[in-house]
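The values are calculated or read from the model by the stated rules, or taken from the named source; none is laboratory data. Model, not experiment: these values are computed from the prediction. As a convention, Cβ positions derive from the backbone with ideal geometry for all residues, glycine included, and neighbour counts pool all protein chains shown. Remember, those area values only see protein heavy atoms, side chains included, never the ligands or the DNA or RNA. Shrake-Rupley method; radii C 1.70, N 1.55, O 1.52, S 1.80 Å.
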Amino acid sequence: QEGYRPLEYTNRRPLYPHQQNAITYCRSQGEPNIPSWQQNRIALFMEMRLGKTKVVIDFLREVPFSGSDAILVVAPLTALWTWERELALEGEMYVTLLGDRDIRLLNAELEVVRSPDWTRINYFLINYEGLRSCPEIVAMKRWKAVILDESTRIKNPVAQITKCVTLEGIHFPGAEYKFVLSGNPAPEGPLDYFSQFKFLYGSMIGHKTYWNFREAYFKRSSWGYDWIPKVGAKEKIKSWIEKHSFMLSRHQAGMFQKKVYEVRKVEMDPDQKEVMDKLEKDFVLSVSNESELRTKWIPVQYIWMAQVAGGFTKGVLRWKGKYNELVSLLKGELKGQKVVVWYRFNNEIFATGRILGENQIKCVALHGGCNFEERKVVLSQFHRGEVDVLLCQIKIGQFGIDLSCASTAIYFSNGFSLENRMQSEDRLESPEKKEPTLIVDLITRNTIDEYTLKSLREKKMDVHYYMSRGIYDQIKQKIAER
């Protein structure tokens, strides 16, 4: 049967020293001196491309399993392909729970017919949305181990998936081993840690609810929309987390690759500038000979501004400044190189595909409209070198995708999420890679593109920088200077 491998599988890959250290940490969490309610609760906060998946697979080989035991891996949809690939490379067996509700539940009922000649571990893979829609899976098997990959997916305490895996009585109470895996477990600040440790322990630093934890260690910022640590809280939280997790950066692991950042700016067309100015000042999207669109909501205004900066209004491509610059880069300085181009909006991906095709530049695209199998085909084409350019939506490509065959990333457009930006940058990293990664931001001058990039950089230095306020201040200053 597909997925089965002999127990004595000879092609297993060796561990790097930092992976061996991570396995040593995993072993230490089962020692008798650890309280029983904390035993075998493992947080691996290792930056991307350090091989967390292999660490877990190798460690679980040491764990005694009975015939009915199973392992559940919960991951973003795009990361399931990575788990399939890693398990196949390591000679392990898996069942992927995809499809509609009935198909997921039917596949979850599968049992493995074991014999001494075949692998003893039964992995079941499911995406977060699939588990949320089929919570019965929690109780369908005796889950020896439950693994939450890219565990920041449960950082929101009121999200349905967070409740599914953390609420009393339904959070896998019988699982002997629990894992949370993340390369950047707290992208927006220390509050992001709580739900991840709630899943592991049922509490964090003695607090069983997110709200009590927040009240104890945080206070409202002066702006009023954010929570910042109280005096001394940040140090206490940091100390606790260091005692309850294995944290490793690429630099600590000996990966001294550096990222080289560049910005390429294009000018607005005169009519594009006119549309942008009116939108910034009056919250009105007005194009010649078409009906106006009005809004009173700043988030809607920001989306329209970002679309205009990318050349679009009302779903129609009108200005090609960014596209012309992208073609110039791909036919000039970056010709023949593998390049990943990141996008916020699907319309930009589709327009780029058409324009690159007109310029005889082969590319493939990965976006929200691609199903699981299509994503695997696209990534395989890119890895095999059939095409040199991958067009990828940031939200789709941020998790579980190995793009280390490329050393150049171009950001055609940015969103407001620092986590999405950092995760997508790290998709190009790998322990074997020697050359630095080139990251190019393609910016329409004097637009929200500039404000967003500036705010992302400031947010990287201070995760409590309130991005929307920063952008608002820059727009206000720009209007005042006219």
- request: Would you indicate which of (1) 166; (2) 270; (3) 175 is the value of volume of the Cα convex hull per residue in Å³ derived from the coordinates of this structure?
  value: (1)
- request: Sort the following peptides by mean Cβ neighbour count (other Cβ atoms within 10 Å, averaged over residues), highest first: 65-76, 231-242.
  value: 65-76, 231-242
field: Ordering of 327-339, 151-163 by burial proxy (mean other Cβ atoms within 10 Å per residue, highest first)
entry: 151-163, 327-339
Peptide ranges 275-287, 20-32 listed from the most packed, as the mean C-beta count within 10 angstrom indicates: 275-287, 20-32
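Run the accessible area of region 182-250 with a 1.4 Å probe and give the carbon-and-sulfur part as a rounded percent.
Details: 1710 of 3310 Å².
On region 182-250, the fraction of accessible area on carbon and sulfur atoms equals 52 percent.
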field: Amide H contacts under 5 Å for V284, placed H, 5+ residues apart
entry: L279
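Keeping all protein chains in place, calculate the accessible area per residue for the chain (probe 1.4 angstrom), answer in Å².
Values: 21560 Å² over 482 residues.
Counting only protein heavy atoms, the per-residue value for the chain is 45 Å².
Classify region 233-355: rounded, prolate or oblate, from the alpha-carbon gyration tensor (a ≥ b ≥ c, eigenvalue square roots; a/c under 1.5 rounded; otherwise prolate if a/b is larger than b/c)? Before the final figure, lay out the partial values.
Details: a/c = 3.23, a/b = 1.54, b/c = 2.10.
Verdict is oblate for region 233-355.
Residue separation times 0.36 nm, minus the C-alpha to C-alpha distance between E435 and L15: what's the value? Before the final figure, lay out each step's value.
Working: separation 420, 0.36 × 420 = 151.20 nm, distance 2.20 nm.
Gain in length upon complete extension: 149.0 nm.
Show that you can apply the helix-only estimate: for the chain, add -39,500 (n - 2.57) for every DSSP H stretch of four or more residues, divide by all residues, and state [θ] at 222 nm to the nearest 500. Intermediate results must be reported in sequence, preceding the final value.
Working: 19 runs with 190 residues, N = 482.
Per the formula, -11500 deg cm²/dmol.
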Unsatisfied cross-links (Cα-Cα over 21 Å) in the set K331/K454; K322/K362; K265/K454; K52/K234; K314/K338: K331/K454; K52/K234; K314/K338
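Please state the relative contact order of the chain as a whole percent: Cα pairs under 8 Å, 6+ residues apart?
Values: 772 pairs, mean separation 74.8, N = 482.
Relative contact order of the chain: 16 percent.
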task: Give, in nm to one decimal, the length gained when the segment between Y261 and K331 is fully stretched (0.36 nm per residue of separation minus the Cα-Cα distance).
output: 23.2 nm
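If you take the square roots of the eigenvalues of the alpha-carbon gyration tensor of region 334-376 and sort them as a ≥ b ≥ c, do you get rounded (a/c under 1.5), prolate (a/b over b/c) or oblate? Can you show the working numbers first?
Numbers: a/c = 1.83, a/b = 1.44, b/c = 1.27.
Note, shape of region 334-376 comes out prolate.
Between beta-carbons, use under 10 Å as the cut-off and find the net charge around L428, counting Lys and Arg +1, Asp and Glu -1.
Values: positive: R49, K259, K338, R427, K433; negative: D402, E425, D426, E429.
Residues near L428 contribute +1 overall.
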